Amino acid sequence: MIHLFNWLRRIGSPGAARSHFSRSVPGWKDEHMSDDVWLVVGLGNPGPAYAGHRHNVGYLVTDELAARMGSGWRAHKTGRADVVEGRLAPPGTPGPRVVLARPRGYMNESGGPVKALATFYKVPPERIIAIHDELDIAFNTLRVKLGGGDNGHNGLRSMRGSLGTGDFYRVRAGIGRPPGRQDVADFVLSNYSTVEKKELPFQVMDAADAVESLMTEGLEKTQQRFNS
């Protein structure tokens with residue numbers, strides 16, 4: 001799937017063309033950049049056995065963002081997550097610092113690593129963006145919002161518990177409800193269908209665009225653009 005993302009980027013994908021991410025990691029310490037830091041969390045389960053599952057779409061989106069930054073993942077010194085550090089660089093402005101993060105624990109253990117990173121980078125909840133799968137939204141559809149409940153999502157529930165609040169941003173990537181009587185847990189912990197795999201790269205790029213838009217244009221404009 002990653003090869004397909006790269007192929008789309010080489011032929012001029014819309015997401016890559018609109019990206020504002022700096023491709024220079026040294027820019028992280030640029031004295032002229034904003035002091036504000038955004039923490040962008042891709043929710044999922046670690047390891048190759050889970051890589052293609054619907055529940056791991058947050059990982060796919062953070063992989064797309066890391067590719068736009070031209071940076072690779074590394075283990076954070078907390079030992080509880082992998083991170084990519086960079087910054088946004090819209091034309092003529094220094095832009096905020098950005099930390100992409102993937103907790104190393106399983107989905108229902110996401111909160112502890114997120115809290116540790118938020119403390120380390122001094123990021124308040126209102127500058128945290130969680131990217132996750134959403135059953136109640138149709139596949140290939142996005143919704144962006146601030147705050148709210150967890151709607152049965154264990155990753156969000158864990159984050160709410162550890163942060164002490166649900167007032168963080170969510171980029172919700174729709175996966176739809178399981179067909180027939182298929183168990184919900186089996187559905188989210190299974191691979192996308194053959195038809196869905198053809199559209200998935202576009203949903204991933206749209207979600208990555210939505211993350212960038214939140215950090216540069218704010219919630220209202222992002223919702224107008226991406227909430228369909």
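Laid out as a table, the results:
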| item | result |
| --- | --- |
| The stretch 154-204 - residue that is polar (S, T, N, Q) and part of a loop (DSSP other than H, G, I, E, B) and, of those, surrounded by the fewest Cβ atoms within 10 Å (Cβ to Cβ) | Q182 |
| Residues located in the stretch 114-131, provided they are buried (at least 17 other Cβ atoms within 10 Å of the Cβ), touching a strand residue (DSSP E or B) at 6+ places or on another chain (Cβ under 8 Å) and outside any strand (DSSP E or B) | V114, A116, L117, A118, Y121, V123, R127 |
| Hey, G52 at pLDDT below 95 and touching a Pro at 6+ places or on another chain (Cβ under 7 Å) or not | no |
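Conditions tested, residue by residue: (1) farther than 25 Å from P125 by Cβ; (2) at pLDDT below 85; (3) basic (K, R); (4) not in a helix (DSSP H, G or I).
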site	(1), (2), (3), (4)
N6	yes, yes, no, no
W28	no, yes, no, no
S34	no, yes, no, yes
N45	no, no, no, yes
E64	no, no, no, no
P94	no, yes, no, yes
L100	no, no, no, yes
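The values are calculated or read from the model by the stated rules, or taken from the named source; none is laboratory data. For clarity, every value in this text was computed on a predicted model and none was experimentally measured. So basically every Cβ, Gly included, is an ideal-geometry build from the backbone, and we count neighbours across all protein chains shown.
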